[in-house]
2 protein chains.
Amino acid sequence: MAARAGGQGGKQPTINDVAAMAGVSKKTVSRVINRSEFISDKTRKSVQQAIETLGFVPNPQARALAFRRNFLIALLHDNPNAQTVLNFQQGVLDAIKDSDLALLVRPVDRGSDKLLDDVRLFLEKQRPIGAMLLPPISENDDLAKICEDLGVRYVRVGSAPLDDARHCVSSNDREVVAEAVGKLIALGHRRIGFVRGPAGFRSAAEREEGFRAALAAAGLSLPDELYAPGNYRYTAGVEAGEAMLSLEEPPTAVFVSNDEMAAGVMSVAHGKGLSVPADLSIIGFDDSPTATHIWPALSTVRWPIREMGSRAARTLVADFLGSGAKAADDENPVMPSTFIERQSVAPPRG
Amino acid sequence: MAARAGGQGGKQPTINDVAAMAGVSKKTVSRVINRSEFISDKTRKSVQQAIETLGFVPNPQARALAFRRNFLIALLHDNPNAQTVLNFQQGVLDAIKDSDLALLVRPVDRGSDKLLDDVRLFLEKQRPIGAMLLPPISENDDLAKICEDLGVRYVRVGSAPLDDARHCVSSNDREVVAEAVGKLIALGHRRIGFVRGPAGFRSAAEREEGFRAALAAAGLSLPDELYAPGNYRYTAGVEAGEAMLSLEEPPTAVFVSNDEMAAGVMSVAHGKGLSVPADLSIIGFDDSPTATHIWPALSTVRWPIREMGSRAARTLVADFLGSGAKAADDENPVMPSTFIERQSVAPPRG
DNA sequence: TTGTATGCGTTATCAA
DNA sequence: TTGATAACGCATACAA
């Protein structure tokens, strides 16, 4: 059981109890709590002693009122992908578990015309010390501006730098996609299909650019019939698969902009009696659980989402603590994605 | 943009501004905010008028301090399944979006020996009005007791009633599993395998009981070689599949206690050149994204997780508002799961 | 380096 | 049905 020495009358001890026991004023106790520099080692120790024996824990509500800021960090997202959001949360928690911050989660609706007002009201009320924006809403500049206006620190998460280093954590989708597609080409593939992510998503654009860069580097072109639109959903993958695999000269490989759509393409291949990877190589993106659950296991790109969550939270915290601003400046805000080879890729037949 | 009539000096208007404008005391304004009954309609209206024109929003931090309670509800979980957690969150948000509650998310580690202390400290500090416990930690009675001790309302989510109706939202896993397995039997299957969930999980036990009930009802038995342990992970499904499908007389169908393991079994079937469902019918549980991403699409049981989230949150809120306690008592806390037939089930060969 | 007085914005007490 | 005043627990300005 938790050892709670208890103040008086079973209630939680307050700063007053600590002050009384240590024989100092509450302000001095406050200074110790907030790590003020102007404190003699002696009094600091005696105060810490009292805090210890009393089992005193500062009341976050009172601090929030006085600070005009809640000791929370908010995660704003539009539920693009459950695993992504949850992995990110996990990373955030890794970073804040030893602080006394807590995580506030706020799903929003990017399609709503009240999105901006919703977020503004939320931040005004909750007053978190910082907010983290997950893609795709991280790409919304108005949202960032709202944070700025309200004095809420923010970090935008994206597949490419969206803001200055202080306000952004990103991966390098473009490069890694180019690398992955390059391997396809090295294996001998010449007709390589592409399934795109939704219009207006930066991640979709980045992945496409990486794809095209790899093709260009090898002097290959992308015929229209091997280019399919998509929306990151399974059904879009199915549609793209049906279209491409019905071609007279179908592709021997395809890069699909996320795993879920890749699963759709693979289903179509199975349905048509094609063998993956013998008849068709497939590469996805995300390294979601789906990637390993389907058969054969999908080669894909792992997004360092947990690390990004941790990094985003650390940036916010360091920024908040001020002094520790080093953490935010030292680290490179671009975190590398990695290509993961599994069973869905092989040289083309013949 | 949000229409904020603003108090004075660009800052947020406070209760004092409202009181001044309406010509009443702040306590009266407070009464209006908190829907006290002892207010004349006339003053109520004039106060509401002032609130409106000022664009006043009560400061949650101040209220939290005075109420000794934060206007938050906490979600405690042990990350069993990303989709489940996120769907649940979505349901919670459906329920609280018109209140001024916010959602605090707290992943915990059920393996840690500090679990209880962690949760206690978290609740002591954050002082949410209520907490929701997701399985498997919802099965931990000590956790419920901690909530009770701290005066934090709680709701436990499970696959069977874990507590009294006021503190529990559950599904009816057992019945639905029995129904699903019954269909297998009706199709003519006689050798049906079973892959279990992890020991100590109530959901695993419920599903097994449902499975056995269906078998018993048909006078069938479960040979040892068709019973496999598992842990809800893909690899456990693979192991179970390898074992069962290497048998001299393999099963013609298998019920797997969750989708992820079912995907593992299906991979093994594919690898052995077996056709699903012609050679092997498979049923999973969860209706996770995986169920539709694999090929063929998996017949499974849909857990009403979003509805449960919504229900859990409404219970907490109603309980908190006191008056509206009806919501908590009227509704049946058991929410039905449903069997979903897709392509992974067919009659046995021959 | 430390203490005093006061503020943060709301609710509770108790009297009017 | 209302209001004056005291909590709520901590932080800040300004003194000492």
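The values are calculated or read from the model by the stated rules, or taken from the named source; none is laboratory data. Owing to the predicted nature of the structure, the values given are computational and were not obtained by experimental measurement. Please note: Cβ atoms are built from the backbone with ideal geometry, for glycine as well, and neighbour counts cover all protein chains shown. Accessible surface areas use protein heavy atoms only, side chains included; no ligands, DNA or RNA. Shrake-Rupley method; radii C 1.70, N 1.55, O 1.52, S 1.80 Å.
Numbers below:
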| read-out | value |
| --- | --- |
| Restricting segment B:248-282 to residues that are among the small types (Gly, Ala, Ser) and within 11 Å of chain A (Cβ to nearest Cβ), the residue that is nearest to B:Tyr227 (Cα to Cα) | B:Ala262 |
| Residue in segment B:83-110 that is farthest from A:Pro128 (Cα to Cα), counting only those that are of a type in the set (A, V, I, L, M) and more than 10 Å from every other protein chain (Cβ to nearest Cβ) | B:Ala95 |
| Selected residue (criterion: farthest from B:Glu307 (Cα to Cα)) from residues of segment B:64-87 that are crowded, with 21+ Cβ neighbours inside 10 Å and within 16 Å of DNA strand C (Cβ to nearest atom) | B:Ala64 |
| Residues being under 21 Å from the mean Cα position of the chain (by Cα), open to solvent by less than 10 Å² (accessible area, probe 1.4 Å) and of a type outside the set (Ser, Thr, Tyr) - total across segment A:263-303 | 4 |
| Residue match in segment B:64-82 (condition: at the interface with another protein chain (Cβ under 9 Å from one of its Cβ atoms), in a helix (DSSP H, G or I) and over 19 Å from B:Phe320 (Cβ atoms)) | yes |
| First in segment B:213-233 and of a type in the set (S, T, N, Q), second anywhere and open to solvent by less than 90 Å² (accessible area, probe 1.4 Å), Cβ under 6 Å, 6 or more apart | B:Asn231/B:Pro198 |
| Subset tally (residues that are over 22 Å from A:Leu115 (Cβ atoms) and over 20 Å from the mean Cα position of the chain (by Cα)) for segment A:142-186 | 9 |
| Selection count, segment A:187-200, where residues are more than 23 Å from the chain's Cα centre (by Cα), within 24 Å of A:Tyr234 (Cα to Cα) and open to solvent by 10 Å² or more (accessible area, probe 1.4 Å) | 1 |
| From the options A:Asp109, A:Asp94, residue that is more than 16 Å from DNA strand D (Cβ to nearest atom), out of contact with any strand residue (DSSP E or B) (no Cβ under 6 Å at 6 or more places or on another chain) and open to solvent by 60 Å² or more (accessible area, probe 1.4 Å) | A:Asp109 |
| Matching residues in segment A:273-315 - criterion: being acidic (Asp, Glu) and touching a Phe, Trp or Tyr at 6+ places or on another chain (Cβ under 9 Å) | A:Asp286, A:Asp287 |
| Segment B:83-108, residues that are modelled with pLDDT of 90 or more, over 17 Å from B:Arg156 (Cβ atoms) and part of a loop (DSSP other than H, G, I, E, B) | none |
| Top-ranked residue of segment B:23-63 - restricted to ones that are in a loop (DSSP other than H, G, I, E, B) and within 14 Å of chain A (Cβ to nearest Cβ), ranked as farthest from DNA strand C (Cβ to nearest atom) | B:Gly55 |
| Matching entry among A:Leu184, A:Leu123, A:Leu150 (being away from chain B (no Cβ under 13 Å) and touching a residue at least 12 places away in the same chain (Cβ under 8 Å)) | A:Leu184 |
| Residues of segment B:333-347 classified as in a loop (DSSP other than H, G, I, E, B) and either in contact with a strand residue (DSSP E or B) (Cβ under 7 Å, 6 or more places away or on another chain) or over 18 Å from B:Phe255 (Cβ atoms) (or both), total | 8 |
| Residues within segment B:126-140 that are open to solvent by 30 Å² or more (accessible area, probe 1.4 Å), more than 9 Å from every other protein chain (Cβ to nearest Cβ) and in a loop (DSSP other than H, G, I, E, B), tallied | 1 |
| Residue list for segment B:241-257, restricted to those being open to solvent by 10 Å² or more (accessible area, probe 1.4 Å) and not in a helix (DSSP H, G or I) | B:Ser246, B:Leu247, B:Glu248, B:Glu249, B:Pro250, B:Thr252 |
